[in-house]
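The values are calculated or read from the model by the stated rules, or taken from the named source; none is laboratory data. The structure presented is a predicted model; accordingly, all values stated were derived computationally and were not measured. Positions of Cβ are backbone-derived with ideal geometry, glycine not excepted, and every protein chain shown enters the neighbour counts. Surface accessibility is based on the protein's heavy atoms, side chains included, excluding ligands, DNA and RNA. Shrake-Rupley method; radii C 1.70, N 1.55, O 1.52, S 1.80 Å.
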Amino acid sequence: MTSTASTGAASAGTASTGTGTSAAGYVDSAPDRATATAATATATTDLTGAAYVREWVHGWTVSRAAAPPEPRPWGWWITVGQEKHVGRHVFGGIGEEVREEDVRAVTAAPQGLGTQLKIVADPARVIPWFAPGWECMAADDWFMAKDLDAGDTAPDSVPSGYRLALWTRADVTRVVLTTATGDFAAHGQVGVCGPSAAVDQIETAEAHRRRGLGAYVMRHLHAAARAAGAERAVLACTPAGRKLYLTVGWREVSPFTHARYVGAGN
């Protein structure tokens, strides 16, 4: 595990640049890259919709320490193990690749309360195919992607008045910003799986928004993912997150649908 803590306008990291370590203290896992799974070893220029989703599925399970994805004919099942998020069905295609018969079959099958459904497609297209008992969780969400390159470097300094905590454990890097007195300000994390990464759980406290903290956290995550061997990153986001990610080099791939099972009688 590697970790960094710094404050004020000081350096954002320990600035060690010796073999195997990047600036900001990220450990470069280049010696281990050859062991990345074939499931994520697709060149960016060759990615199909299914490949984007596959990389998100594998990176998300790393980030959340969820059970390994279980392949299904239509995509994956992931056991999460929480009362309100027992597990999730994730469809493997994007947009027109998502088949009506698959959505109807999966949503009509017996489900546990707390089961979630993730489809990288426009809600207006796929929601009419849902069986009774499914509740759409949000509107206007998006699936996005970013190529990582030499320009993705960590910020040089911590925003004035804030403290940075940054650490990496088991292929997951976490970034947390707090105030000088220790109040939560912002955080985010990234799970790396082979040449791809899933950015996850980006949040800024309401009292600290519009101060550039979200972009600051994202820059750290980009740098950490690249140092760990990732060539690209993917995420699913809300409308507010979409605005932030566009400003730091992400591109839109597709509208995103997510729903949860609340019971056929609801």
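Criterion first (more than 30 Å from PHE130 (Cβ to Cβ), open to solvent by less than 30 Å² (accessible area, probe 1.4 Å) and not in a loop (DSSP other than H, G, I, E, B)) does ALA165 satisfy it? No.
When ALA150, ALA154, ALA67 are checked against the criterion of being open to solvent by 10 Å² or more (accessible area, probe 1.4 Å), of a type in the set (Gly, Ala, Ser) and either touching a Lys or Arg at 6+ places or on another chain (Cβ under 6 Å) or over 23 Å from LEU246 (Cα atoms) (or both), ALA67 stands alone in meeting it.
Selection of first residues in the range 192-219 that are under 15 Å from ARG54 (Cα atoms) and of second residues that are acidic (Asp, Glu) and assigned to a helix (DSSP H, G or I), restricted to Cβ pairs under 8 Å at least 6 apart or on distinct chains, gives the following pairs, ordered by first then second residue: CYS193/GLU55; SER196/GLU55; ALA198/GLU55.
Residues in the range 51-70 that are more than 18 Å from MET144 (Cβ to Cβ) and polar (S, T, N, Q): THR61 alone.
Looking only at residues of the range 241-266 that are among the small types (Gly, Ala, Ser) and within 18 Å of CYS136 (Cβ to Cβ), we find that the one that is nearest to the chain's Cα centre (by Cα) is GLY241. Out of curiosity, is THR204 of a type in the set (S, T, N, Q), farther than 16 Å from LEU235 by Cβ and at pLDDT 95 or above? Judged against the criteria, THR204 is not a match.
Quick check on the range 148-159. Is at least one of its residues under 15 Å from the mean Cα position of the chain (by Cα), of a type in the set (A, V, I, L, M) and at pLDDT 95 or above? Yes, some residue in the range 148-159 is under 15 Å from the mean Cα position of the chain (by Cα), of a type in the set (A, V, I, L, M) and at pLDDT 95 or above.
Regarding ALA223, is this residue under 30 Å from GLY112 (Cα atoms) and not in a loop (DSSP other than H, G, I, E, B)? Here the answer is no, as ALA223 does not meet what is asked. Right, PRO255: open to solvent by 10 Å² or more (accessible area, probe 1.4 Å), in a loop (DSSP other than H, G, I, E, B) and either in contact (Cβ under 8 Å) with a residue 12 or more places away in the chain or closer than 30 Å to ALA109 by Cα (or both) or not? Criteria not met by PRO255.
In the range 90-108 there is no residue matching the filter, namely being touching a Gly at 6+ places or on another chain (Cβ under 7 Å) and hydroxyl-bearing (Ser, Thr, Tyr).
GLU55 meets each of the listed conditions (1) at positive phi; (2) of a type outside the set (A, V, I, L, M); (3) buried (at least 17 other Cβ atoms within 10 Å of the Cβ); (4) modelled with pLDDT of 50 or more apart from (1).
Being surrounded by fewer than 21 Cβ atoms within 10 Å (Cβ to Cβ) and of a type in the set (A, V, I, L, M) is a property that does not hold for ALA198.
If you go through the range 168-191 and pick out every residue that is open to solvent by 20 Å² or more (accessible area, probe 1.4 Å), under 21 Å from ARG242 (Cα atoms) and among the β-branched types (Val, Ile, Thr), you end up with 1. Of the residues that make up the range 173-184, is at least one modelled with pLDDT of 95 or more and either within 30 Å of GLU135 (Cβ to Cβ) or touching a Pro at 6+ places or on another chain (Cβ under 8 Å) (or both)? Checked the range 173-184: at least one residue is modelled with pLDDT of 95 or more and either within 30 Å of GLU135 (Cβ to Cβ) or touching a Pro at 6+ places or on another chain (Cβ under 8 Å) (or both).
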